[in-house]
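Structure, as structure tokens:
The values are calculated or read from the model by the stated rules, or taken from the named source; none is laboratory data. Just so we're clear, the structure is a prediction, and the values are computed from it rather than from any experiment. Ideal geometry is used to build each Cβ from the backbone, glycine not excepted, and the neighbour counts take in all protein chains shown. Just the protein is used for accessible areas: all its heavy atoms, side chains included, with ligands, DNA and RNA removed. Shrake-Rupley method; radii C 1.70, N 1.55, O 1.52, S 1.80 Å.
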Amino acid sequence: MQKTKRISTETDGSPSIKKKVTFHSPQIENKKKGGVNVKSGKINFDKGKTKTFKKFNKNDTKDRNISKKKPLTSQGNGEKPKWSEMKKEKKNLRTERRKAKATAQIFEISHKAKLLAAQIQRKVVKPDFRTKACKELHSLIKGQYKSIALTHDLSRVIQVLLKYSAEDIRNEITEELLDIMVPMMRSKYATHSVKRILKYGTDYIRHEVIKKLFGHIVSLASHTISAPVLDYAYGEFASNKEKRHMQQEFYGDMYKNSKDDKVKTLSDTYKDSPEMKSAILQSCKANIQKILDKNLHDSELLHSVLYDYIRECSSEDRVELISTLSSLIVPLSNSLPGVNAASMCVWQGTNKDKKTILKVVKEHVVPLSKHKTGHRLLIAIFDSVDDTVLVKKVIVSTIVDNIKDIANDHWGILTLRWLIKPKDPTAFHPSFINFLEEGLKSGTSKKDADLRVSELREAILPALKTDIESDAVFWLDSKIKLLLLVALLSVESSKPILEALAKVICRSEWIIKENDKEVLAIEDAGIHMCLKKLAILDKTASDSLGEAICDNIDDETLKVWLSSNRGCFFILKLIENNNDKIASKFIKKVKKYGNILKQQSSEGTKLLLQCIKK
């Protein structure tokens with residue numbers, strides 16, 4: 001059967017081949033080739049119009065002249081585009097656009113300024129050349145700093161000068177930029193220059209910059225770009241007086257242009273005018289909410305205002321605020337006023353709020369326990385949350401799993417010490433203890449404090465004891481860990497722990513590292529103080545460290561101790577705080593090496609000799 005030829009239904013004027021996309025320079029005029037309209041310029045997408053594309057028929061012999069390997073042409077004559085000319089043309093267009101935007105003077109100096117800045121930043125540059133280049137660069141753009149400070153490229157040149165130039169040049173640059181300091185804070189590029197001014201400038205310059213920010217504190221604190229720089233200035237360089245003036249702008253618009261040195265807290269604003277209290281609190285609430293809505297909650301300035309507000313606001317506003325802050329409890333703990341506000345959320349929050357707080361804290365237990373202020377939040381939870389089962393499950397279990405990591409940190413040790421012996425005046429400042437006691441009284445906790453302490457202690461003590469028995473060397477390598485052992489043994493004496501400790505203490509080669517130097521542990525001042533505290537515990541403890549040491553000490557270690565002033569004092573403490581039976585054992589061992597004592601002239605040796613003679 002003979003195949004019938006497919007008859008095209010298109011009109012004679014319609015194209016019969018597949019359209020091919022071609023690149024054209026703007027100078028090429030519209031042409032027609034093979035029935036295809038070739039147009040230069042941009043593609044226009046007309047709304048409401050649709051185009052139908054004819055399906056390419058591989059059997060259509062008329063279209064076989066189209067080759068897939070044929071290169072794209074810039075013109076209809078089949079010639080390849082000259083890419084070098086096209087790039088040069090684009091560069092010229094870009095240059096023309098920049099000339100149109102910038103003044104002629106700035107455009108001429110920008111290229112030279114960027115070249116000089118690149119040379120100044122090189123690590124191998126000689127100091128003399130760098131100083132000379134900084135002076136040349138400053139003289140080149142002096143008087144133009146305001147016009148270039150907000151640009152993306154030349155603002156970097158200013159940053160280079162602020163970092164590497166001499167103090168007099170930095171002062172001149174800053175004085176010229178002071179009038180536009182607020183716009184620079186909000187600029188994506190110029191904000192880095194403000195950071196450099198604060199970091200490398202003199203104290204006078206820093207305070208001048210902070211003064212220029214007054215009147216705009218709330219707007220800068222609620223701006224995504226300026227908020228971190230403002231917090232940097234507040235936390236690192238602002239004086240106490242300047243900090244109070246910054247906080248005052250949150251209390252109301254009346255403090256934008258005038259500051260009151262008598263106003264130190266929110267309550268001082270309406271002390272003389274109680275009728276103003278409601279309006280001031282509402283204004284402060286609105287300013288706080290403005291920043292919280294922008295998720296800019298990790299700011300010490302905001303934390304200070306929050307702590308002021310949460311203490312003075314009404315109970316209804318406090319409940320609403322605590323509900324909002326419960327999910328932000330971790331970033332709040334990054335500063336002292338913030339963690340104080342977070343503690344108030346723990347004390348006065350509902351059971352639902354406390355569960356939310358524990359859920360958020362669960363993922364950050366280890367970093368919080370080792371943080372300078374974050375550990376205070378965990379202590380506030382230990383001290384006030386009645387649901388100890390949930391606290392043990394969420395927080396204490398994580399601490400147990402990472403006990404050595406936490407114990408290696410100064411603040412981590414304090415977290416562990418609170419679980420073992422809370423409110424210990426030898427470890428915690430009285431003001432912190434008073435702060436927790438006052439918060440507990442104002443909170444919603446109902447459980448007996450002693451019961452809460454014993455329940456949490458049950459979760460930490462067994463794991464801690466097991467770890468000490470298995471790795472006593474780790475727990476005896478620093479003063480802060482030894483103080484933890486003193487607290488533990490003062491609460492609950494344990495013979496296996498004392499045996500494990502005695503075996504390490506009685507080693508003649510017991511050495512610790514201090515300032516990258518190896519020191520005999522018995523000679524270290526901090527270790528010696530802690531060992532004497534452990535010896536004093538023998539007076540009232542059921543199990544004695546003195547007995548364990550007496551059983552494990554060998555002649556070589558005893559000779560080392562007797563040759564040391566602090567070693568003699570430690571033996572003397574063990575003799576004084578143990579019963580007669582253990583004391584007589586020590587005296588008998590020491591008498592064997594009386595000749596070593598007689599050769600020493602230290603105070604410890606003299607006192608030990610007197611004790612032996614008695």
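Remarks
- Rh (Kirkwood; distinct C-alpha pairs) - region 91-210, Å: 14.7 Å
- Inter-label distance for Asn351 and Glu167, nm, one decimal - labels placed 7 Å from Cα along Cα-to-Cβ: 6.4 nm
- Summarised as an ellipsoid, the chain has semi-axes of 71, 35, 33 Å, derived from the eigenvalues of the Cα gyration tensor scaled by 5 and square-rooted, with the largest first.
- Fraction in percent of alpha-carbon pairs per bin - 5 Å, region 221-273: 4, 19, 26, 24, 17, 7, 3, 0
- Averaged over its residues, region 240-301 has an accessible area of 56 Å² per residue, based on protein heavy atoms and a 1.4 Å probe.
- Degrees between helix 449-470 axis and first principal axis of the chain (Cα, 0 to 90, nearest 10): 90 degrees
- Crossing angle, helix 191-200 versus the chain [Cα axis fit, 0-90 degrees, rounded to tens]: 40 degrees
- Over region 533-590, accessible surface divided per residue gives 46 Å², non-protein components excluded, 1.4 Å probe.
- Taking N as its residue count, the alpha carbon Rg of region 180-303 over 2.2 N^0.38 Å: 1.06
- Per DSSP, loop chymotrypsin sites (Phe, Trp or Tyr not before Pro) in region 244-311 with at most 10 further Cβ within 10 Å: none
- The chain: angle of helix 203-213 to the longest principal axis, Cα-based, in degrees nearest 10: 60 degrees
- Amide H contacts under 5 Å for Glu514, placed H, 5+ residues apart: Val519
- Label zone at Lys290, where the point sits 7 Å out along the Cα-to-Cβ direction: region 221-248 residues whose backbone N lies under 18 Å: 221-231, 245-248
- Sparsely packed GluC sites (Glu not before Pro) within region 471-521, loop by DSSP, other Cβ within 10 Å at most 11: Glu509
- Its convex hull of Cα atoms gives region 388-456 a direction-averaged projected area, equal to a quarter of the hull surface, of 5.1 nm².
- Sites Lys91 and Asn402, calculated FRET efficiency, Cβ-Cβ separation with R0 60 Å, nearest 0.05: 0.55
- Placing unit charges on the Cβ atoms only, positive for Lys and Arg and negative for Asp and Glu, gives the chain a dipole magnitude near 5220 debye about its Cα centre.
- Each of Ala463, Thr444, Pro430 was scored by the projection of its Cα onto the charge dipole of region 424-470, and the greatest displacement toward the positive side belongs to Thr444; charges sit on the C-beta of Lys, Arg, Asp and Glu.
- Each residue, Asp317 and Lys195, gets one label point 7 Å from its Cα in the Cβ direction; the gap between the two is 3.5 nm.
- Going by accessible surface with a 1.4 Å probe and the largest first, Asp387, Asp580 read Asp580, Asp387.
- Carbon/sulfur fraction of accessible area - region 114-213, other protein chains in place, 1.4 Å, %: 50 percent
- For region 328-447, the normalised intensity computed at q = 0.14, 0.17, 0.18 Å⁻¹ comes to -0.51, -0.79, -0.89 (log10 of I(q)/I(0), Debye sum over alpha carbons, equal scatterers, no solvent).
- Of every Cα-Cα pair in region 461-506, the percent that sits beyond 14 Å: 40 percent
- Solvent-accessible area assigned to carbon and sulfur over region 437-494 amounts to 51 percent, based on a 1.4 Å probe.
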